[in-house]
Amino acid sequence: MVNESLNQEESNDRPAPESEFQMDTSYSTQPSGSIHPSVSGHPSVSGHPSVSGHPSVSIHPSVSIDPSVSVRPSSSAHPSTLAQPSGLTHHSSLVREDSVIKVSKRRWVVVMVFSCYSLCNAFQWIQYGSINNIFMNFYGVSAFAIDWLSMCYMLTYIPLLLPVAWMLEKFGLRTIAITGSALNCLGAWVKLGSLEPHLFPVTMVGQVICSVAQVFILGMPSRIASVWFGADEVSTACSVAVFGNQLGIAIGFLVPPVLVPNIKDPEKLAYHISIMFYIIGGVATLLFILVIIVFKEKPKHPPSRAQSLSYALATPDASYLSSIVRLFKNLNFVLLVITYGLNAGAFYALSTLLNRMVILHFPGEEVNAGRIGLTIVIAGMFGAMISGIWLDKSKTYKETTLVVYIMTLVGMVVYTFTLNLNHLWVVFITAGTLGFFMTGYLPLGFEFAVELTYPESEGMSSGLLNVSAQVFGIIFTISQGQIIDNHGTMFGNIFLCVFLALGSALTAFIKSDLRRQKANKDAPETKVQEEEEEEEGSNTSKVPVVLEAHL
């Protein structure tokens, strides 16, 4: 039985020992296999599939033992070790370690480091859009060209999702985290070579590099939450992971208008832009170093029964394409992909075009335009945290998602018809209300997708949601931008309202098939013997490892 201190974290990549059970045919005198009494301290137990040989281990009914063979543990075998029939690929060390459910203290450090470099990447996405008119004048390009500095994030994600999702499954969280933070750092420093009005292509190259880094970031929140956090923490942890991205967008609305004033002198303007670029380059470098130092692949023990079972079901030869096919055969997930894309796409379009909309109604208010964007995202972060905590307590995924979606539609309608009242304080209130629900919906979609698709890869389900968001984001940004230029901001916002209404209707048709919750409930509890209750802390429990070919 594994007995570890809560403060001890060991590496998971040491080689697994050979099977600790020996098949001895010299004792087969009974028609049913029996456990030899010479080693085990427990009473003799029949090898019938329905009988558990040890309180911490169960043998699934689908596993049978040949009646002509008895199983005798060697003298070195611990009595709690599970005898594995041929054909099962799980090593004995994996079975022993994964039978312990324990959350790691490192989990909060991991999620906070991820949240920080996600923040840095999100800041670089919106830093141009929040002062759209200033960069237009500096580089001498059109508003549409500046919009592409934001839309390249959306466009790059679409073709790169599948390769990066494959890399996540093949190489793991740590490799993906290091790659994403390295690209984010590289893109930030490339932009420092674009401090002349004729060097717009250089700043576009730097932004494209950052957009590639984003592909290594957006699909990770639900994966980190599942791998590192317990069943009662996953939604909160996912919200914290998404929180960083939202905070980065908020800072991206607030800081650029302060650091880069709207002045005409190109040299002075280049100096102010360089300050912003140097700051973000230094921060990105520091975060890259932190990722290398503190980011770990996974904890020593699975944090939940669902994650333990997910490890047991994982096979090295699993078909990557078959996983995608299964996801698209899941009607509830397909509906969620569409509805998530409509909501997140509307948020991307609104964020990209916010400066243009506010300046049209309130000329010269670049700083307040940034503050309105900040209000939207800060309110959304509170909405995301409240939603995550609520999900962990109530497990009402479908109901919460639907309510938040409907309130997003209501907030968008109110914002649309109050923007032209020429009262800036009204815009702050209505935009904040909209952001509370619209941005707060994002982690809800991630967690609902994991519930609907368990035990499929969290990275794949989250990635497909993000692809949908990028596709709709590009469509909505281009379309709304054209509508605003030709017909005004009200018609552009009504355009988004129509699609949010469609998304609300489709959300109502999603069935609440919470597969991960069922896995956590269906895995039976097992009492730990008194002599084994020396595990430190209240977050440790023992569960049997269930060997199955399918969930």
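Report the residue count in region 220-239 for those that are closer than 13 Å to residue 460 by Cβ and either of a type in the set (S, T, N, Q) or open to solvent by 10 Å² or more (accessible area, probe 1.4 Å) (or both).
Number satisfying all stated conditions: 3.
If you go through region 263-305 one residue at a time, how many are closer than 30 Å to residue 100 by Cβ and not in a helix (DSSP H, G or I)? The number of residues fulfilling the criteria is 10. Here region 168-177 is the region considered, the condition is being open to solvent by 20 Å² or more (accessible area, probe 1.4 Å) and modelled with pLDDT of 85 or more, and the residue that is nearest to residue 223 (Cα to Cα) is 174. In region 451-467, how many are within 24 Å of residue 156 (Cα to Cα) and open to solvent by less than 10 Å² (accessible area, probe 1.4 Å)? The qualifying residues number 7.
Looking across region 168-193 at every residue that is touching a helix residue (DSSP H, G or I) at 6+ places or on another chain (Cβ under 8 Å) and free of Cβ contacts under 8 Å to residues at least 40 places away in the same chain, the one that is farthest from residue 214 (Cα to Cα) is identified as 193.
Filtered by the rule that a residue be closer than 16 Å to residue 432 by Cα and among the polar types (S, T, N, Q), region 345-371 gives 351, 355, 368. Filtered by the rule that a residue be open to solvent by 10 Å² or more (accessible area, probe 1.4 Å) and either in the same structural domain as residue 253 (by the TED database) or out of contact with any Phe, Trp or Tyr (no Cβ under 9 Å at 6 or more places or on another chain) (or both), region 347-377 gives 356, 359, 360, 361, 362, 363, 364, 365, 366, 367.
The values are calculated or read from the model by the stated rules, or taken from the named source; none is laboratory data. Everything numeric in this text was worked out from a predicted model, so none of it was measured. Note that we place each Cβ from the backbone using ideal geometry, even for glycine, and neighbour counts take in every protein chain shown. Keep in mind that these areas ignore ligands, DNA and RNA; they rest on the heavy atoms of the full protein, side chains included. Shrake-Rupley method; radii C 1.70, N 1.55, O 1.52, S 1.80 Å.
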